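Report on the structure given below.
The values are calculated or read from the model by the stated rules, or taken from the named source; none is laboratory data. Since the structure is predicted, the reported quantities are computational estimates derived from the model, not experimental observations. Here Cβ is always computed from backbone atoms with ideal geometry, including for glycine, and neighbour counts include all displayed protein chains.
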Amino acid sequence: MKKRAASLAAKAAVLFAAGVLYFLFVSLTGHGIPCVFHALTGLYCPGCGTTRMVLSLAKLDFRGAVRCNAAVLFMLPLFAAYFIRHSVLYIKNGEPFLPNLPERIILYVITAGLVIFGVVRNIALFIG
């Protein structure tokens, strides 16, 4: 169990360090990874604006964060809870956790919400 916890902590630390490095790079240069979907179609994907949202949160600009990507911002607690739950179960049981039916339904609702958000944010492009 300790070995699994250490392995998971090491992976989380690497991901966190990569995130911090990317955050510093974008903060200093003003350049981030471009969205391939947006570059190809001219439309915004459900994730477009996430980097700007994180930069706004770092400045405690919650209004700016909502404007950048409201869907991802409001789903962050769900993502965090899901990750924590599955991490704890992996550490306890040692097996990759397969979501049960209620969790799968929640994941489908989140996915549908992101797709709807992506459609609605692009409709505004055509209307406004």
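Consider ARG67 carefully, then state whether it is closer than 24 Å to ARG4 by Cα and surrounded by 12 or more Cβ atoms within 10 Å (Cβ to Cβ). In short, no. Residues of region 4-48 that are among the basic types (Lys, Arg) and at pLDDT 90 or above: LYS11 alone. Pairing residues of region 101-119 that are under 24 Å from THR41 (Cβ atoms) with residues that are among the hydrophobic types (A, V, I, L, M, F, W, C) and assigned to a helix (DSSP H, G or I), at Cβ distances under 7 Å and at least 6 apart in sequence or on separate chains, gives ILE110/MET75; ILE110/LEU78; GLY113/ALA71; LEU114/ALA71; PHE117/ALA71.
Conditions tested, residue by residue: (1) over 30 Å from MET1 (Cα atoms); (2) of a type in the set (Val, Ile, Thr); (3) touching a Leu at 6+ places or on another chain (Cβ under 7 Å).
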| site | (1), (2), (3) |
| --- | --- |
| LEU57 | yes, no, no |
| LEU60 | yes, no, no |
| LYS92 | no, no, no |
| VAL119 | yes, yes, no |
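Of the helices (runs of 4 or more DSSP H) lying entirely inside region 1-73, those containing at least 1 residues that are farther than 23 Å from ASN122 by Cα span 2-29, 50-58.
Listed here are the residues, each with its yes/no results for (1) closer than 29 Å to LEU8 by Cα; (2) surrounded by 11 or more Cβ atoms within 10 Å (Cβ to Cβ); (3) out of contact with any helix residue (DSSP H, G or I) (no Cβ under 7 Å at 6 or more places or on another chain).
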{"residue": "GLY32", "(1), (2), (3)": "yes, yes, no"}
{"residue": "GLY49", "(1), (2), (3)": "yes, yes, no"}
{"residue": "ARG52", "(1), (2), (3)": "yes, yes, no"}
{"residue": "ARG85", "(1), (2), (3)": "yes, yes, yes"}
{"residue": "VAL88", "(1), (2), (3)": "yes, yes, yes"}
{"residue": "ILE91", "(1), (2), (3)": "yes, yes, no"}
{"residue": "GLU95", "(1), (2), (3)": "yes, no, yes"}
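Within region 102-124, is there a residue that is under 19 Å from LEU8 (Cα atoms), in a helix (DSSP H, G or I) and among the polar types (S, T, N, Q)? The answer is no, given that none of the residues of region 102-124 is under 19 Å from LEU8 (Cα atoms), in a helix (DSSP H, G or I) and among the polar types (S, T, N, Q). Scanning region 83-100 for residues that are in a helix (DSSP H, G or I), more than 24 Å from GLY47 (Cα to Cα) and of a type in the set (A, V, I, L, M) gives VAL88, LEU89, ILE91. Here's a check for you: in region 87-100, which residue that is under 26 Å from VAL20 (Cβ atoms) and in contact (Cβ under 8 Å) with a residue 12 or more places away in the chain is farthest from the chain's Cα centre (by Cα)? Among residues in region 87-100 that are under 26 Å from VAL20 (Cβ atoms) and in contact (Cβ under 8 Å) with a residue 12 or more places away in the chain, the one farthest from the chain's Cα centre (by Cα) is ILE91.
If you go through region 74-82 one residue at a time, do you hit one that is among the aromatic types (Phe, Trp, Tyr), part of a helix (DSSP H, G or I), at pLDDT below 90 and within 24 Å of LEU24 (Cα to Cα)? Scanning region 74-82, I find at least one residue that is among the aromatic types (Phe, Trp, Tyr), part of a helix (DSSP H, G or I), at pLDDT below 90 and within 24 Å of LEU24 (Cα to Cα), so the answer is yes.
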